[in-house]
Structure formats: structure tokens, C-alpha cells
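Peer 1: Have a look at the structure that comes next, please.
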Amino acid sequence: MNRRKIIEENIFKFLSGFATYSLIAILAFIIIIIFVKGFNSLSIDMVIKTPKGGYYYGGEGGVLNAIIGSLDIAFGATFIAILIGMPAALYINVHLIRYKRIQNTIRYLLDALWGIPSIVYGAFGFTLMLFFGMNASLIAGIITIALLITPIVVRTFDEVLSTIPMGLYEATLALGSTKTETAFKIMFKQGFSGFITAVLLAFGRGIGDAASVLFTAGYTDLIPLYLDEPAATLPLAIFFQLGSPIPEVRERAFAAAVILTIIILIISLTARYFSKIYSKSNLK
Amino acid sequence: MKIMHLQNNETMTEQAPDITLKPKVTPPIIKINNLNVHAGQHHILKNINLEITKNKITVLLGPSGCGKTTLLKCLNKLTDLYTELRVSGKIFIEEDDILNTQKNVPVIRQKMGLLSQLPYPLPISIFKNVAYGIKLKGVRDKKLIEYNVEKYLREVGLWNEVKDRLHNSPTSLSIGQQQRLCLARGLAVKPRIILADEPTSSLDPISSKIIENLFRKLKKNYTIILVTHILRQAVRLADNVVFMYYGEIIEQGHSKDLFKNPKTEKLREYMLEGN
């Protein structure tokens, strides 16, 4: 290798390495800040108690209402997004495999849906609520978040499915499999890691979004017991507490952020664990 | 019974001279009439007329891009997957015109096993790969599936190599073993025909030899159509040869006659280059 190539190689190695590690550093910095700022307020009461009177002015209580509300909304919305998104992604890659133009148009539209700001989804959900005469409720939040995250499930899963070689598809059909068998027994299994990534991305986006639940799920200090009751969410709990003039309450906002981060981490690890078990079960 | 026997004998005696005069002709398992394939303005296959004999190895020989693979894909209707391809003509498989039939496409496809250039094992265990084909035929009995998995893996000479790791991923096998696994999976749907599209092109010489030997053994029970551009492989395996060039059949016939006395300049050239 001549001198010029060595310099070029080193520069690009440094730049790409710098980009990668700075990203990790920023992520680590965010997590550290959240933990440092929220650590003092982090207590068992935060996760097992609902806000008592004067909680937002430094009174006693916790954010159990928001934890339950967030989990309800995120799980409910992710469930709906999987129900719609998984067959949609398989349909694009199995039934529409001959029709490249239709495939590309659908992908373009889904990308556009992915790019719409969540506040717009919130406004849309709010309009729907008014149309059906509903109040701010758990179900309205679930539906709005489901609308927000379904394009994520479809496009992420679709991206992985589209990389499956045509030869595997042909080999499966050549055995006499129907398209449904090909989709669910082969393509789904082949793209399973992408499916898990899609679900986790969607879940993370769903549980962390504040704008779309602001008008639709509402906010309450109570734990929602029914779908037509309003529900608090962690991002809104963080938002409300962070705007407080009382330093103690602002610290609690960071503690709530820690809880949100830990929930996402636990869900992510659990999903990866079950994904491994599922992959192993395909071999038995 | 005696009367019937006598009547049969009488009929036999009456028709005996005819039978001895006529040579025994097996009807072709595949008959292709005026097959044309277009992709836009490009005429990929031009007026293909061909008969494939049962239980023989028919080699589709020719340079890359001459339409061999397209012809193979017409047979199991994989051309349906490509909107740009327009297929016309008739393909009779056991008297059934598959291009103009109302029959279910998967049923037609199960008459043929496909072996492609690269092995494409399914993303399930070695055992399940073969069991998948068996289950497609409606078999649900666990013991029968296990019996058949072993039978087909033995048929392709893979059983001894994989019997202790049946529940491993097929990606743990070598490419040659994966190709044989795909063959076993194909045999499990009980096809009558094996379509092989340059099945040894990605294999080492030893694995290629194993596949070639398998074909020689399998032709007793299956009709094999092998696409290749390797002249030596065609010489080694073919009973019948179809030489194609730019979408046309230039020459066809029995392997020995064709290679001994090529009638066209193109085949002569190809043989010269191939040697």
C-alpha cells in the first residue's frame, strides 16, 4: 500500500470510529445525567404509589398511575400494530412480489406516515375522538399510538423481508407451498430477527411519546381500570414535573425518566430472550 | 377365469404380429409445443418444441443467457413470479396442459422437485427441512414423518452425515451437504420430475461428483432435467441433450449421437470451446 492509501485508510478509520463512539458517548451521557439527577428522588414509593394530594408541589406519592398507563398504552398499541403490521409486511413481500411499482408506492406512503410528527397523530386521534363522541381515554391513547407505530412495524419488518433472497422464495413455492404457507412458515421465520427489532422500535416509540397522548389519553392520578377511563403516561408525567418551579419535583421528573428507561431496557432484553428461545424452537 | 384367460390368449395370438413389429415407445412425460417467452421487446424463448422422456436425464445445454433457466422455470410455473415475462404455447405434463389448466399451481409444482444453483435450506432444522415437504403432502403422523425423513436423507446419502445433528440449523452443513438436503426436501413431496438448474455450479468437485452419482441413481425413479453449461458434465450424465442458443433449440437428440456427430456449426463450436 502506498503512503496516500495508508493516510486515506487511517483518516476514514478515525472518522467512522469517532462517529460510532461519540454516538455511544452521547447515549451514555444522557443515561448518566438522568440517573445522577433523578437518583436522589428515586425510591420504592415512586413505583408503588400513585400521586397523593399536592404531589406536584412536592407532596407524597409516586408515578404508578403513569407507569401502568404507559405500559397499558404501549402494550395495547404494540399489539394492534403487530396485528396490522406483520401481515401487511408479509403481504408486501409475498403477494406483491411481482408488482414492484405497487410495492414501492406502498413503501413510499408508509415512509411518509412514519415521518409525520406525533402531534399530528395526536390531533388526528383527538378529531376521531370528537367524531365518535369519546372522552380522553386509554382506548383513544392506544388507538392513536397504534396509528403512530404501525408504519414503523411494517417498514422495519419489510426492510428485513425484502433482503430475503428470491431463491428461498422460489424454492419454497417450488415445493408446492401456497403463498400463505410461504409467508407464515418460511418468510416470517427467516425475517424473525427483523420482526423483533420492528416490535421493539415500535414499543420504544410508543411508550416514549408524549405529544400523541396529550389530547387522547389525557392525564389522571388514578390507575385506569377500564378502557374508557383516562390514563396517565410517563412522558407526560415527566413533562408536567419538569415544568415545576420546585426543584424537588423537577428531580422527580428525572426519576420518572429513569423508570421509563429501565422499563424499555427490561422489555428489550425480555423480547430478545424470547426471540432466542423461539429461534431455538425452530430447530427442534 | 379360465375363459378369460383363453380369451386373452386368443386376442394375444391375433394381435401378436403387430406387437412384435412395433418398437416399444414410452410416451414423453413432458411435451412442449410452440413455447414462447417474451420479456418486453426481448424474445427469450423462441418456438420451443420438445419432448422429455421418462426416467432419463435430459440435459439442457448451452451458453449462459440462452434461456435454459427460463425454460426450466416455465415447467414449474415460477415464471408467474415475474410480471415482465409473457409465456405462450403449451406445456403438457402427463397430458395436463399446465399453462392453460384450472388446476392448483401448488399441485402442479409438486410434480417437480427443484434444485437451484445455490442451496436454499429453509430457516428451520435439518429434520424439519425434510419434514416440511412430507407435511405438505398431508402426512401428520409423527412416526411416519420420522421414517420418511430418514428414508429421503438416506436416498441422497446424507443420513450418516447428519443423523446425530438432525436438530441443528442446516447452515451448519457444507454447501454440498446443503444441496443434498434440498434434494431430499424436494424428493419428500414425491415428485415425478427433478428440475436441476446448474446444481453443481457452487460446489467443489467432490460434492459435484456426489450429486452427479445421485442423479444416475435417481433416474430409475425420476425424470431428471438438468440445466448446465458444462459440456463435460453433459457428456457424463446425459441420456438426451437439448442444445440451446439465444432462446432457440439448435439441436437435440441422444447424447451419444449428438456429441459424436454434431449437425450444426454452433454445437461444434461449443464442443470445441468446451473441450
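Laboratory data are not the source of any read-out in this text; all were calculated from the coordinates shown. Every value quoted in this text rests on a predicted model; they were computed, and no experiment measured them. FYI the Cβ positions are ideal-geometry reconstructions off the backbone, even for glycines, and counts take in every protein chain you see.
Peer 1: How much length is gained on full extension from B:Ser172 to B:Asn49, taking 0.36 nm per residue of separation minus their Cα-Cα distance? Don't skip to the answer; put the middle values down first.
Peer 2: Numbers: separation 123, 0.36 × 123 = 44.28 nm, distance 4.27 nm.
Length gained, B:Ser172 through B:Asn49: 40.0 nm.
Peer 1: Of B:Lys103/B:Lys219; B:Lys135/B:Lys163; A:Lys276/B:Lys128, which pairs sit farther than 22 Å apart, going by alpha carbon to alpha carbon? Each step should come with its number before you reach the end.
Peer 2: Numbers: B:Lys103/B:Lys219 27 Å; B:Lys135/B:Lys163 20 Å; A:Lys276/B:Lys128 18 Å.
Checking Cα-Cα distances, B:Lys103/B:Lys219 exceed 22 Å.
Peer 1: Follow-up question, since we're still on this one. Which whole-number percent gives the relative contact order of segment A:47-281, counting Cα pairs below 8 Å spaced six or more residues apart? Don't skip to the end; give the middle numbers.
Peer 2: On the way: 357 pairs, mean separation 67.9, N = 235.
Averaging sequence separation for qualifying contacts and normalising by length gives 29 percent for segment A:47-281.
Peer 1: Using only the alpha carbons, work out the radius of gyration and Dmax of segment B:116-275 in angstrom.
Peer 2: Cα-based Rg and Dmax for segment B:116-275 come out at 17.8, 57 Å.
Peer 1: Using the Karplus curve 6.51 cos²θ - 1.76 cosθ + 1.60 with θ = phi - 60°, work out ³J(HN,Hα) for each residue of segment B:109-119 in order, rounded to whole Hz, and write x for Gly and Pro.
Peer 2: 5, 6, 6, 10, x, 10, 10, 9, 4, 10, x
Peer 1: If you consider only alpha-carbon coordinates, what radius of gyration and Dmax does chain B have, in Å?
Peer 2: Both quantities, over Cα of chain B: 21.0, 67 Å.
Peer 1: List the pairs from B:Lys111/B:Lys143; B:Lys190/B:Lys217; A:Lys13/A:Lys100; B:Lys90/B:Lys111 whose alpha-carbon separation is above 27 Å, in the order I gave them.
Peer 2: Result: A:Lys13/A:Lys100 exceed 27 Å.
Peer 1: Continuing with this model, one more query. Where the convex hull is taken over the Cα atoms of segment B:211-266, what is its projected area averaged over directions, in nm²? Please list the in-between numbers first.
Peer 2: Details: hull surface 16.6 nm².
Averaged projected area of segment B:211-266's Cα convex hull equals 4.2 nm².
Peer 1: A further question follows. Using a Cα-Cα cut-off of under 25 Å, which lysines could be cross-linked to A:Lys49, ignoring same-chain neighbours fewer than 8 residues away?
Peer 2: Cross-link targets: A:Lys37.
Peer 1: Right, next: Summing +1 for each Lys or Arg and -1 for each Asp or Glu, what net charge is found among the other residues whose Cβ lies under 9 Å from the Cβ of B:Arg192? Numbers along the way, then the final one.
Peer 2: On the way: positive: B:Lys54, B:Lys111, B:Lys190; negative: B:Glu94.
Net local charge, B:Arg192 excluded: +2.
Peer 1: Just going by the charge dipole of chain B, with Lys and Arg at +1 and Asp and Glu at -1 on Cβ, which of B:Val235, B:Tyr245, B:Asn129 is farthest out on the positive end?
Peer 2: B:Asn129
Peer 1: What do you get for Rg/Rh over segment A:47-281 if you use C-alpha atoms and the Kirkwood form of Rh?
Peer 2: Across segment A:47-281, the Cα-based Rg/Rh ratio is 1.06.
Peer 1: Oh, and also: Return the tail of the calculated pair distribution for the protein assembly as shown, meaning the percent of Cα-Cα pairs more than 45 Å apart.
Peer 2: 40 percent
Peer 1: Continuing with this model, one more query. Non-local amide H neighbours of B:Tyr245 (under 5 Å, H modeled in plane, Pro and chain starts lacking H): which ones?
Peer 2: B:Ile250
Peer 1: While we're here: With contacts defined as alpha carbon pairs under 8 Å and 6 or more residues apart, what's the relative contact order of segment B:171-275 in percent?
Peer 2: Here the relative contact order equals 21 percent.
Peer 1: Volume per residue, Å³, of the convex hull around the alpha-carbon atoms of segment A:40-165?
Peer 2: For segment A:40-165, the hull spanned by Cα atoms encloses 158 Å³ per residue.
Peer 1: Using the crude model of +1 on Lys and Arg Cβ and -1 on Asp and Glu Cβ, and no other charge, please compute the dipole size for segment B:124-190 relative to its Cα centre, in debye to 20. Walk me through the numbers on the way to the answer.
Peer 2: Numbers: 13 positive and 6 negative charges, 55 e Å.
Using only the charged Cβ atoms, the result is roughly 260 debye.
Peer 1: Given the options A:Leu175, A:Leu147, A:Leu109, state which has the largest fluctuation in a GNM of chain A using a 10 Å cut-off (strictly under) for Cα springs.
Peer 2: Sorting by GNM fluctuation, first place goes to A:Leu175.
Peer 1: Summarise the partner chain shielding of B:114-121 as one whole number: the mean count of Cβ atoms from other chains within 10 Å of each residue's Cβ. Present the calculation step by step, with values, prior to reporting the outcome.
Peer 2: Details: counts 6, 2, 5, 1, 4, 2, 11, 2.
Taking the mean over all residues of the peptide, I get 4.
Peer 1: Evaluate the distance, in nm, between pseudo-label points positioned 7 Å from the Cα of A:Asp221 and of A:Arg250 along their respective Cα→Cβ axes.
Peer 2: Each label point is offset 7 Å from its Cα along the Cβ direction, giving 2.3 nm.
Peer 1: Here's another thing I want to ask about it. To the nearest whole percent, what portion of all C-alpha pairs in segment B:77-125 is separated by more than 16 angstrom?
Peer 2: The share of Cα pairs beyond 16 Å in segment B:77-125 comes to 54 percent.
Peer 1: On to the next question. Run the numbers on chain B and let me know its relative contact order in percent, using alpha-carbon pairs under 8 Å that are six or more apart.
Peer 2: 25 percent
Peer 1: Also, I was wondering about something else. Around B:Lys77, under 14 Å between beta carbons, what's the net of Lys plus Arg minus Asp minus Glu among the other residues?
Peer 2: +4
Peer 1: How far, in degrees from 0 to 90, does helix A:192-208 lean away from the longest principal axis of the Cα atoms of chain A, to the nearest 10?
Peer 2: 20 degrees
Peer 1: Shifting gears a bit: To the nearest 20 debye, what is the magnitude of the charge dipole of chain B about its Cα centre, counting +1 on the Cβ of each Lys and Arg and -1 on the Cβ of each Asp and Glu?
Peer 2: That gives chain B a dipole magnitude of about 760 debye.
Peer 1: Could you point to the residue in A:Gln103, A:Ala88, A:Ala77 farthest towards the positive end of segment A:47-114's charge dipole, with +1 and -1 charges on the Cβ of Lys/Arg and Asp/Glu respectively?
Peer 2: Farthest towards the positive end: A:Gln103.
Peer 1: Something else now. With axes computed from alpha carbons, what is the tilt in degrees of helix A:118-131 against the longest principal axis of chain A, rounded to the nearest 10 within 0 to 90?
Peer 2: Once rounded, the angle reads 80 degrees.
Peer 1: While we're here: Expressed in nm², what is the orientationally averaged projection area of the convex hull enclosing the Cα positions of segment B:67-189?
Peer 2: 8.8 nm²
Peer 1: A further question on this structure: For segment A:47-281, with only Lys/Arg (+1) and Asp/Glu (-1) charged at the beta-carbon, what is the dipole magnitude about the Cα centre, in debye rounded to 20?
Peer 2: 800 debye
Peer 1: Would you mind telling me which residue in B:Lys256, B:Lys111, B:Lys77 has the biggest mean-square fluctuation in a Gaussian network model of chain B, where springs connect alpha carbons within a distance under 10 angstrom?
Peer 2: Maximum among the listed residues: B:Lys256.
Peer 1: Semi-axes of the equivalent ellipsoid of segment B:27-132: what are they in whole Å, largest first, if each equals the square root of 5 times a C-alpha gyration tensor eigenvalue? Numbers along the way, then the final one.
Peer 2: Numbers: eigenvalues 116, 62, 47 Å².
Listed largest to smallest, the semi-axes of segment B:27-132 are 24, 18, 15 Å.
Peer 1: Rounded to two decimals, what ratio of Rg to Rh does segment A:1-114 give with C-alpha atoms and a Kirkwood Rh?
Peer 2: On the Cα set of segment A:1-114, Rg over Rh gives 1.22.
Peer 1: In Å, what Rg and Dmax follow from the Cα atoms of segment B:124-190?
Peer 2: Answer for segment B:124-190, Rg first and Dmax second: 10.6, 31 Å.
Peer 1: On to the next question. Calculate the FRET efficiency for A:Ala25 and B:Glu84 from the Cβ-Cβ distance with a Förster distance of 41 Å, rounded to the nearest 0.05.
Peer 2: On the way: r = 50 Å, r/R0 = 1.21.
Given R0 = 41 Å and the Cβ-Cβ separation, E is 0.25.
Peer 1: How large, in Å, is segment A:95-185 by the Kirkwood hydrodynamic radius built from its alpha-carbon pairs?
Peer 2: Averaging 1/r across every pair of different Cα atoms and inverting gives 15.7 Å.
Peer 1: Moving on to the next point. Please determine, in degrees from 0 to 90 and to the nearest 10, the orientation of helix A:138-161 with respect to the longest principal axis defined by the Cα atoms of chain A, where the helix direction is its Cα long axis.
Peer 2: 30 degrees
Peer 1: Pick from A:Ile92, A:Ile82, A:Ile44: which is most flexible by mean-square fluctuation in a GNM of chain A where alpha carbon atoms under 10 Å apart are linked?
Peer 2: Among A:Ile92, A:Ile82, A:Ile44, the largest mean-square fluctuation in the Gaussian network model of chain A belongs to A:Ile44.
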